[in-house]
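Values quoted throughout were computed directly from the atomic coordinates according to the rules given, and no laboratory measurement underlies them. None of the values given here were measured: they were computed from a predicted structure. Note that each Cβ is placed from the backbone with ideal geometry, even for glycine, and that neighbours are counted across all protein chains shown.
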């Protein structure tokens, strides 16, 4: 196993070359700089390193090698330190949100085979309810008051001399992809998976200790993994973006001097609705990444105008293939020429990977393909052996365009059959957005009376259904024009600030089955 030695003006930190080596490198680059800022709390690289070594040593006293640890916390500094401590201990970090239902958390803890908990004040408040459900694990209380039956006591005497040794195939993270609804599917990301991803990020982008990274996603989403370890590998400052900050996001960016932003595209709509998405509103940004949803041309152009000094990069990749696998940098002329349905291209495949398009659906193989799901039964039909390579079947419909880039056409499971014809919901969304006064649209298919009915949720100016149908009929076959429309002021978002399509589908089904019409 190789080791990493970084010689700079700061102290020399030696760490095995797993994911945790990135924070050790940050300590060497910027020992007294801020590693984490969450609300008013700041933690320096040296302070974070010392706390993580102490907590990791305490974890090692109760854990077998590579055991999963659930970090049950809000968006506190302790949450970030908890993840770092897991990696320093050679354990697997399983971030879990405190606003999930307790029964859901219990299901995830058991599915992951969690052997210990790290909690902050929010997580500590859930411990009695977890015990009522039969979960009583060794617990490190990083913040808050808690009555713990099996405490993990931290002490300077427990401090490790250095981060624990790991092997490339050891699991670094378990991330649950299904959010707060549906059956939880835990994805196992290895140190080797993540090392390949971050090696590419280091090669492609010029991050330095002078950068300030936003951390907008919840810690159970893979973009948060990118934020943390890109920032920490450069010795940069990582600033948590909390709910109130969205009331004036450009003000937040200016206050903290944010230079690197990563979020779901839905953030653009949030900022627009506050009236703050104005030209040159965010001049400090130099890199912007959007992922997790289709990125629209109009949204991208508005963000680019607000952040004129930033490159805006559309990134694509399922959690199962380690954060991102494709990238496309926005260029108004090129992006709109290549894209379809008003959506920015996904771009080129990451180095070292292979892709196939089978009946329009994207399959990807390579070093970022994860170690699979916690439950092998979830892998059926998803992880496939083709010509000696393991491919992940993404479920995304794509097309290759000029230069070998891919464009996104929608989900394979978002195709619905109406009146004997198949329709791609993304195409309908694009048609609705073209209607005068409409800002954004989401079309869902609801099973009603043995058939599929289409219902369009839209934002912007309220329109009559007849006017919307007439405009849509100009580009969509008459049989496929939706009959049902519902005006909303904003779309519901899930915990990762993506549009919650499952909730919209449930609402449409209820509305149509009860005979309601908007």
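Helix 222-234 and the longest principal axis of the Cα set of the chain meet at an angle near 50°. In plain terms, the chain from residue 502 to residue 470 could stretch by 8.8 nm, reckoned as 0.36 nm per residue minus the Cα-Cα distance. Over the C-alpha trace of the chain, radius of gyration and Dmax come out as 23.3, 74 angstrom.
Arranged from fewest to most other beta-carbon atoms within 10 Å of their beta carbon, 267, 443 become 267, 443. When shorter helices are ignored and each DSSP H run of at least 4 residues is given -39500 (n - 2.57), the per-residue value for the chain at 222 nm works out to -8500 deg cm²/dmol.
Strictly greater than 27 Å: what percent of every Cα pair in the stretch 323-454 meets that? Value for the stretch 323-454: 32 percent of Cα pairs lie more than 27 Å apart.
A straight chain from residue 305 to residue 351 at 0.36 nm per residue would run longer than the Cα-Cα distance by 13.5 nm. Exposure proxy for 237, 462: other Cβ atoms within 10 Å of each Cβ, ordered fewest to most, give 462, 237.
For the chain, the longest principal axis of the C-alpha atoms and the axis of helix 77-88 are separated by about 70°. The equivalent ellipsoid that matches the C-alpha gyration tensor of the stretch 419-513 spans semi-axes of 19, 18, 12 angstrom, in descending order.
Share of antiparallel DSSP beta bridges in the chain, in percent to the nearest 5?
If I count the DSSP bridges inside the chain, around 60 percent turn out antiparallel.
Distances between every pair of Cα atoms in the stretch 44-165, grouped in 5 Å steps from 0 to the bin holding the largest one, split as 2, 13, 25, 26, 20, 9, 4, 1 percent. Counting other Cβ atoms within 10 Å as a rough exposure proxy, the listed residues 350, 256 run 256, 350 from fewest neighbours to most. Each label point was placed 7 Å from the Cα along the Cα-to-Cβ direction; for residue 510 and residue 399 their separation is 3.7 nm.
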